[in-house]
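Engineer: Supplied in structure tokens, the structure appears directly below.
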Amino acid sequence: MRLIVTALTFLIGLFLILLGIAYLVQPDTVAAGVGLRPLDNKGFSTLRGDVFAFFTITGICTVWGAWQRKGDLLLVPAIVMILVILGRIVSLAMDGSYDGFVIPMLAEAVIAGIVLWARNLLPHHHLDEVGD
């Protein structure tokens, strides 16, 4: 079971890295798929810089944690996905819903769940030891 969960975690990380690269090389196309539209070069710069970095570092930590069997590294992508879900909940409260609102939240929850599951299966520090 550990091998399957680790492999799935690795694949999730690769997907996130590829998504980050897609924002770097085709930001307008990828962003349009999630309802974003850069208005000018500042918007393109934000997509190529911030969004690229967000997905790429999250994916790198996921791949590295799975490949090196270091569960501690998997806390980073798990926390990132949980924060994304929190941001979506705030958006729901402040802006309202839209068609398909739940789908990305489910995807992020599944990613967080699988990554946390892998973290528990792989060697890791207990949370009270993190940073020691």
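The values are calculated or read from the model by the stated rules, or taken from the named source; none is laboratory data. Everything quoted here is computed from the prediction, not taken from an experiment. Backbone-built Cβ (ideal geometry, glycine too); neighbour counts: all protein chains shown.
Engineer: Name the residue that is farthest from the chain's Cα centre (by Cα), counting only residues in the stretch 51-71 that are under 17 Å from PRO123 (Cα atoms) and crowded, with 17+ Cβ neighbours inside 10 Å.
Structural biologist: So, considering only residues that are under 17 Å from PRO123 (Cα atoms) and crowded, with 17+ Cβ neighbours inside 10 Å, the one farthest from the chain's Cα centre (by Cα) is GLY71.
Engineer: With the condition kept exactly as written, say whether any residue in the stretch 107-121 is free of Cβ contacts under 8 Å to residues at least 12 places away in the same chain, exposed (fewer than 11 other Cβ atoms within 10 Å of the Cβ) and of a type in the set (A, V, I, L, M).
Structural biologist: So the first thing to find is which residues in the stretch 107-121 are free of Cβ contacts under 8 Å to residues at least 12 places away in the same chain, and the list is 107, 110, 113.
From what is left, the residues that are exposed (fewer than 11 other Cβ atoms within 10 Å of the Cβ) are none.
No: the stretch 107-121 contains no residue that is free of Cβ contacts under 8 Å to residues at least 12 places away in the same chain, exposed (fewer than 11 other Cβ atoms within 10 Å of the Cβ) and of a type in the set (A, V, I, L, M).
Engineer: Restricting to the stretch 27-42, what's the tally of residues that are under 17 Å from the mean Cα position of the chain (by Cα) and surrounded by fewer than 12 Cβ atoms within 10 Å (Cβ to Cβ)?
Structural biologist: Count: 2.
Engineer: Can you pull out the residues in the stretch 34-63 that are free of Cβ contacts under 8 Å to residues at least 40 places away in the same chain and hydrophobic (A, V, I, L, M, F, W, C)?
Structural biologist: Hits for the stretch 34-63 are LEU36, LEU39, PHE44, LEU47, VAL51, PHE52, ALA53, PHE54, PHE55, ILE57.
Engineer: While we're looking at this one, here's another question. Only one of (1) assigned to a helix (DSSP H, G or I); (2) more than 23 Å from PHE10 (Cβ to Cβ); (3) modelled with pLDDT under 95 is not met by MET105, so which one is it?
Structural biologist: Every condition holds for MET105 apart from (3).
Engineer: Right, something else. Please specify each residue of the stretch 115-127 satisfying the condition of being farther than 10 Å from LEU74 by Cα and assigned to a helix (DSSP H, G or I).
Structural biologist: LEU121, LEU127 - these are the residues of the stretch 115-127 that are farther than 10 Å from LEU74 by Cα and assigned to a helix (DSSP H, G or I).
Engineer: With a cut-off of at least 3 residues that are closer than 30 Å to TRP67 by Cα, name the helices (runs of 4 or more DSSP H) lying wholly within the stretch 1-48.
Structural biologist: 2-25, 27-32
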